[in-house]
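The values are calculated or read from the model by the stated rules, or taken from the named source; none is laboratory data. Given the structure is predicted, the values throughout are model-derived calculations rather than measurements. Neighbour counts are summed over all protein chains in view; Cβ atoms, including those assigned to glycine, are modelled from backbone coordinates with ideal geometry. For accessibility, only protein heavy atoms count, side chains too; no ligands or nucleic acids. Shrake-Rupley method; radii C 1.70, N 1.55, O 1.52, S 1.80 Å.
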Amino acid sequence: MIKKSQATEEGSDSELNVDAIIIGAGFAGLLALYKLRQAGLTVLALEASDSIGGVWNWNRYPGARCDVESMQYSYSFSEELQQEWEWSERYATQPEILRYIEHVADRFDLNRHVRLNTRVVSATYKEHENAWKIQTHEGREIRARFCIMATGCLSAARIPEFPGKDRFKGDILHTGHWPKSGYDFTGKNVAVIGTGSSGIQAIPMIARTARSLTVLQRTATYSVPARNRMLDEAEKRAWKDNYAQLRETARYAPSGTLYEFGERTAEETSLQEQAAEFEKRWTKGGPGFLRAFSDISSSPIANKAAGDFIRAKIADIVQDPEKRRLLTPAITLPVGSKRICVDTGYFETFNRSNVDLIDIRDDPIKGIEENGLSTQKRKLDLDCIVFATGFDVIVGSLMKIDIKGIAGRTLKGKWKNGPGTYLGLMVAGFPNLFLVTGPGSPSVLTNMMVSIEQHIEWITACLQTMRQQGKNYIEPEEAAESKWMDDANSLAETMPFLRANSWYMAGPESGSSPRRFMLYSGGVGTYREICDRVAQQNYPGFKICDRHPVLDVAADLS
Ligand code: NA7
């Protein structure tokens with residue numbers, strides 16, 4: 001049984017044995033630390049970086065901002081916190097979000113239980129101890145009854161292996177691994193590879209000071225203007241006066257974010273009214289554009305109408321006909337099949353005389369040389385190459401750790417045909433190991449703050465229930481896991497996601513072959529209800545017992 005005990009003090013020997021080890025000290029890890037400590041567990045969070053903050057610590061590229069409005073992208077667990085913190089802009093910048101995280105850590109005295117500069121290399125379940133043995137890069141071993149993987153969905157930066165990369169004499173940067181000291185592009189010849197959210201945010205900023213900027217694009221991206229601005233007092237007051245109710249509504253909203261949800265379908269709306277509604281939302285800015293009509297993700301006709309509107313806007317903005325053609329997303333790519341980008345002057349940037357664009361599907365990158373990069377048709381002299389090529393999403397950071405469950409079975413091996421979880425929270429064969437916003441949960445389809453809080457609250461309640469019942473072992477049943485993933489995949493078939501080669505799909509880069517959709521797409525509210533029902537019904541689909549069941553049988557026989 002988990003004993004209620006004092007939290008560990010940094011540096012003390014008791015750290016070597018804790019109730020719960022938390023891997024990662026970003027938004028998820030810090031909340032897990034707070035909640036589990038409050039529940040009376042001894043806890044320790046291990047963080048590879050030299051500072052807390054997770055994705056907001058690593059993603060320091062120019063222009064980095066959240067694409068969820070700041071009043072909604074924050075913790076809701078403390079009324080005092082949400083009343084006292086002042087967001088300055090509609091979409092918070094990376095430095096402001098990091099300041100917020102640091103404030104939270106100080107305010108709730110969390111740093112005491114975070115060990116920085118500590119990379120976890122392996123996590124091994126020890127049957128006889130019913131505990132996880134965690135090994136760090138410096139050879140330290142920590143035992144924990146429970147292991148919480150708060151490793152982040154967008155933290156394993158991916159740099160494609162172009163030949164000759166090591167010979168490049170200039171600077172190579174990745175948006176998701178940006179130097180803390182920043183980088184000065186003034187007067188430099190720069191290439192940016194990748195036009196997802198990070199590339200789209202960084203490109204306009206880099207173009208301002210670089211001598212030349214060449215963007216290497218593989219897929220033209222749908223993007224809507226952010227219309228970022230300072231928040232005024234009345235707006236903040238309106239949120240703060242109603243936070244309790246607004247947060248509760250968001251917890252059951254489809255993606256955990258509150259928008260003005262269009263109730264009509266596009267199909268039942270005249271073309272003229274459709275255009276007026278899209279225009280209104282384009283002017284307002286933000287991803288709420290996709291909520292103009294209720295059928296944008298379910299009806300190909302509605303989806304195409306939204307896509308056509310964006311294509312027409314790009315045609316209005318981009319002056320050069322060839323750049324315009326290349327920047328226009330294909331009609332065959334549904335809007336929302338990849339996460340829609342939110343930009344500030346992205347398409348306008350291509351009207352600058354120092355900005356060029358190469359479509360690498362038509363003119364592939366051949367390799368990198370000492371002084372630049374060659375495509376099949378061109379040679380670029382460069383001082384700096386910025387990889388905005390994304391991450392090994394969701395499973396990437398888990399795959400970097402050698403995770404071994406019952407009988408030494410590796411998670412990598414188990415997931416070779418695609419990740420499987422029960423409820424997106426646990427994996428059969430890996431007892432007492434919880435994933436936060438892992439595969440099989442709504443995760444990156446949502447406002448991550450809402451999903452993180454839901455998972456941490458569920459996990460905390462589960463461990464509290466186990467403690468009350470004198471139980472120490474929890475593991476999902478294989479059958480429950482298979483059914484959950486099959487149901488999640490069937491749900492996805494009704495959505496546009498499967499029609500894009502997006503990072504919502506697990507692929508060979510994350511150890512999965514064939515590609516498989518990784519997420520639960522039934523909405524945050526429905527998902528929450530399912531998880532809550534499982535908890536209320538005393539966890540059907542899970543084996544919950546005193547210790548490893550095989551050992552229990554052995555004990556009964558002796
Ligand atoms: P994304 O959204 O994964 O974007 C990565 C971009 O890099 C995308 O345009 C990719 O093209 C491109 N890419 C990836 N691999 C290559 C190779 N090998 N060659 C050329 N281009 C490549 O990552 P971001 O960091 O922009 O955003 C991640 C999330 O962070 C975002 O959604 C927000 O939630 C915050 P592709 O489209 O795959 O053809």
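Matching residues to (1) open to solvent by less than 10 Å² (accessible area, probe 1.4 Å); (2) touching a residue at least 40 places away in the same chain (Cβ under 8 Å); (3) in a loop (DSSP other than H, G, I, E, B):
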residue: Ile22; (1), (2), (3): yes, yes, no
residue: Lys35; (1), (2), (3): no, yes, no
residue: Tyr75; (1), (2), (3): yes, yes, yes
residue: Gln82; (1), (2), (3): no, yes, no
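Determine which member of the set Gly408, Gly424 is closer than 30 Å to Thr93 by Cα and assigned by TED's automatic domain parsing to the domain that holds Ser521.
Gly424
Yes/no per residue for (1) closer than 30 Å to Leu425 by Cα; (2) touching a strand residue (DSSP E or B) at 6+ places or on another chain (Cβ under 9 Å); (3) surrounded by fewer than 19 Cβ atoms within 10 Å (Cβ to Cβ):
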residue: Gly164; (1), (2), (3): no, yes, yes
residue: Lys188; (1), (2), (3): no, yes, yes
residue: Ala191; (1), (2), (3): no, yes, no
residue: Ala207; (1), (2), (3): no, yes, no
residue: Ala210; (1), (2), (3): no, yes, no
residue: Pro225; (1), (2), (3): no, yes, no
residue: Arg229; (1), (2), (3): no, yes, yes
residue: Tyr243; (1), (2), (3): yes, no, yes
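Looking at region 191-205, which of its residues are in contact with a helix residue (DSSP H, G or I) (Cβ under 6 Å, 6 or more places away or on another chain) and either away from the ligand (no atom under 11 Å from the Cβ) or within 20 Å of Ile394 (Cβ to Cβ) (or both)?
Of everything in region 191-205, those that are in contact with a helix residue (DSSP H, G or I) (Cβ under 6 Å, 6 or more places away or on another chain) and either away from the ligand (no atom under 11 Å from the Cβ) or within 20 Å of Ile394 (Cβ to Cβ) (or both) turn out to be Ser198, Pro204.
Please enumerate the residues belonging to region 111-132 that are surrounded by 15 or more Cβ atoms within 10 Å (Cβ to Cβ) and within 19 Å of Pro549 (Cα to Cα).
The answer is Thr124, Tyr125, Glu127, Asn130, Ala131, Trp132.
Can you spot a residue in region 38-53 that is open to solvent by less than 30 Å² (accessible area, probe 1.4 Å) and either free of Cβ contacts under 8 Å to residues at least 12 places away in the same chain or under 19 Å from Ser198 (Cβ atoms) (or both)?
yes
Condition test on Gly413, is it among the small types (Gly, Ala, Ser) and part of a loop (DSSP other than H, G, I, E, B)?
The answer is no for Gly413.
Mind checking whether some residue in region 455-462 is in a helix (DSSP H, G or I) and charged (D, E, K, R)? Talk me through it step by step, then tell me what you get.
Quick first cut of region 455-462, residues in a helix (DSSP H, G or I) only: 455-462.
Checking which are charged (D, E, K, R) leaves us with 457.
Yes, the conditions are met somewhere in region 455-462.
Just the residues that are among the hydrophobic types (A, V, I, L, M, F, W, C) and within 11 Å of the ligand (Cβ to nearest atom), please, taken from region 54-78.
Listed by number, the residues that qualify are Val55, Trp56, Trp58, Ala64, Cys66, Val68.
If the requirement is being part of a strand (DSSP E or B), in contact (Cβ under 8 Å) with a residue 24 or more places away in the chain and within 16 Å of the ligand (Cβ to nearest atom), which of these qualifies: Leu154, Leu173? Before the answer, list the steps.
On the way: Leu154 fails: part of a strand (DSSP E or B).
Checking each option against the conditions leaves just Leu173.
One line per residue, one yes/no per condition, for (1) assigned by TED's automatic domain parsing to the domain that holds Glu235; (2) closer than 22 Å to Ile459 by Cα; (3) modelled with pLDDT of 95 or more; (4) touching a Leu at 6+ places or on another chain (Cβ under 7 Å):
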residue	(1), (2), (3), (4)
Ile2	no, yes, no, yes
Ala7	no, yes, no, no
Val43	no, yes, yes, yes
Glu47	no, yes, yes, yes
Ser51	no, no, yes, yes
Gly63	no, no, yes, no
Glu80	no, no, yes, no
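Residues of region 176-190 being more than 8 Å from the ligand (Cβ to nearest atom) and on the phi < 0 side of the Ramachandran plot, which ones?
His177, Trp178, Pro179, Lys180, Ser181, Tyr183, Asp184, Phe185, Thr186, Lys188, Asn189, Val190
Considering (1) more than 24 Å from the chain's Cα centre (by Cα); (2) within 16 Å of the ligand (Cβ to nearest atom), say which one Arg208 fails and leave the rest.
Every listed condition holds for Arg208 apart from (2).
Considering only region 367-376, how many residues are within 12 Å of the ligand (Cβ to nearest atom) and either of a type in the set (Phe, Trp, Tyr) or open to solvent by 10 Å² or more (accessible area, probe 1.4 Å) (or both)?
Qualifying residue count for the region: 0.
Scan Thr389, Thr437 and give me the residue that is of a type in the set (Ser, Thr, Tyr), part of a loop (DSSP other than H, G, I, E, B) and surrounded by 22 or more Cβ atoms within 10 Å (Cβ to Cβ).
Answer to the selection: Thr437.
Given the structure, is Ser197 open to solvent by 40 Å² or more (accessible area, probe 1.4 Å) and assigned by TED's automatic domain parsing to the domain that holds Ile310? Don't jump to the end; show me each part of the working.
Numbers: open to solvent by 40 Å² or more (accessible area, probe 1.4 Å): yes; assigned by TED's automatic domain parsing to the domain that holds Ile310: yes.
Yes: the conditions hold for Ser197.
Looking only at region 332-356, filter to residues that are touching an Asp or Glu at 6+ places or on another chain (Cβ under 8 Å) and more than 12 Å from the ligand (Cβ to nearest atom); which one of those is farthest from Met495 (Cα to Cα)?
Filtering first and then ranking leaves Asn351.
Would you confirm whether or not region 405-419 contains a residue that is within 16 Å of the ligand (Cβ to nearest atom) and not small (Gly, Ala, Ser)? Step through it out loud before you land on a result.
First, the residues of region 405-419 that are within 16 Å of the ligand (Cβ to nearest atom): none.
Scanning region 405-419 turns up no residue that is within 16 Å of the ligand (Cβ to nearest atom) and not small (Gly, Ala, Ser).
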